[in-house]
1. Would you pick out the residues in segment 33-46 that are surrounded by fewer than 20 Cβ atoms within 10 Å (Cβ to Cβ) and not hydroxyl-bearing (Ser, Thr, Tyr)?
2. Under 8 Å between Cβ atoms, at least 6 apart or on separate chains: pull out the pairs that start in segment 136-154 with a residue that is within 13 Å of Cys24 (Cβ to Cβ) and free of Cβ contacts under 8 Å to residues at least 40 places away in the same chain and end on any residue that is open to solvent by 50 Å² or more (accessible area, probe 1.4 Å) and β-branched (Val, Ile, Thr).
3. Identify, by number, the condition in (1) assigned to a helix (DSSP H, G or I); (2) within 17 Å of the chain's Cα centre (by Cα); (3) exposed (fewer than 13 other Cβ atoms within 10 Å of the Cβ) that Tyr57 doesn't meet.
4. Need pairs with beta-carbon distance below 8 Å; first residue open to solvent by 30 Å² or more (accessible area, probe 1.4 Å) and within segment 184-195, second assigned to a helix (DSSP H, G or I) and not aliphatic (A, V, I, L, M); sequence gap 6+ or separate chains.
5. If I go through segment 1-32 residue by residue, how many of them are open to solvent by 20 Å² or more (accessible area, probe 1.4 Å), in a loop (DSSP other than H, G, I, E, B) and not β-branched (Val, Ile, Thr)?
6. So His2 passes all but one of these: (1) over 28 Å from Leu212 (Cα atoms); (2) more than 19 Å from the chain's Cα centre (by Cα); (3) at pLDDT 90 or above. Which condition number does it fail?
7. Just one of Phe203, Phe174, Phe237, Phe222 is in contact (Cβ under 8 Å) with a residue 12 or more places away in the chain, closer than 29 Å to Cys24 by Cα and either in contact with a Lys or Arg (Cβ under 7 Å, 6 or more places away or on another chain) or open to solvent by 20 Å² or more (accessible area, probe 1.4 Å) (or both); which is it?
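The values are calculated or read from the model by the stated rules, or taken from the named source; none is laboratory data. Computed from a predicted model, the values in this text were never measured in an experiment. Note that each Cβ is placed from the backbone with ideal geometry, even for glycine, and that neighbours are counted across all protein chains shown. Protein only, heavy atoms only, side chains kept; ligands, DNA and RNA dropped before computing areas. Shrake-Rupley method; radii C 1.70, N 1.55, O 1.52, S 1.80 Å.
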Amino acid sequence: MHKVDWSEIYNTEFVNAPECWKTCGGYCCKNFYGEHFKILDKSGVSLPLLEKEYLHYQSIGGISNITTPAKKRTFHLPNGKSFSIYLLSCNCGGLCNPHGHRPLICRIYPYFPIVDQFGTILGFEFSALMDLFYREPKTSHKCTLVREEETRIQNDLRSSLKALLRDPEVVFIFRVLKLLVDRLKAKMGGYMDNLSEDELKRFISKYEWLVLSGKPWKDSAFSDEIVVIYDEVKAVFNNQDFL
């Protein structure tokens, strides 16, 4: 069973877009909607890392100007398996030091791959939760790569993600992430394109409440769906446990 070499991942540029931040004000590294938040971090962004990735991140010294310790979230499944995600709170605004230590989620922005149990890329979804709510990303999204270079960036990712998608745990996590964002989008039930200032405030207030309460994911059906995903991925990878 193939396991990711995280040192190799951290030496890989998944998206070729040098200095793209100069065209958008560093949108991906800032909380552009934080002024509307009442409880969530108004300035920072939350960066999720897999447990093995986080161990590698720690081993290389991390990012010097991220001082907040990562928060560990462990998820227990009905089949007895569990997995952990570590959340870094980043207020670097794109000036992370050293830049080469930034997590995977930063490296593949603005997308994550939608995959089947074989790790085959079927399409892409936005990797930042707030980015999910653009009805017309080609015209209204604040990221230049989304508006102007979608096809090239996604082609870059189809190629550069191949090694990563040979690891069953990574395939599993990307599939669970797709389930998570689909649940959130269904509960939100709308988009923020062309909203008035008052409408945008109400929209983000609803988003904040859903994320903090965990309501989109607090039912047995969600856990059961994750177990199905686990079993499907396990069957492809010679029925070997990977969690």
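1. Gly34, Glu35, His36, Phe37, Lys38, Ile39, Leu40, Asp41, Lys42, Gly44
2. Correct list of pairs: Arg147/Thr139.
3. Tyr57 satisfies all of (1) assigned to a helix (DSSP H, G or I); (2) within 17 Å of the chain's Cα centre (by Cα); (3) exposed (fewer than 13 other Cβ atoms within 10 Å of the Cβ) except (3).
4. Filtered contacts from segment 184-195: Lys185/Phe133; Ala186/Pro216; Lys187/Lys215; Lys187/Pro216; Tyr191/Phe133; Asn194/Ser140; Leu195/Phe203.
5. Final tally of qualifying residues: 15.
6. Going through the list (1) over 28 Å from Leu212 (Cα atoms); (2) more than 19 Å from the chain's Cα centre (by Cα); (3) at pLDDT 90 or above, His2 breaks only (3).
7. Phe203
Yes or no, residue by residue, for (1) at pLDDT below 90; (2) among the β-branched types (Val, Ile, Thr); (3) farther than 30 Å from Arg202 by Cα:
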| site | (1), (2), (3) |
| --- | --- |
| Ile9 | no, yes, yes |
| Asn16 | yes, no, yes |
| Glu35 | yes, no, no |
| Gly44 | yes, no, no |
| Tyr86 | no, no, no |
| Pro98 | no, no, yes |
| Pro103 | no, no, yes |
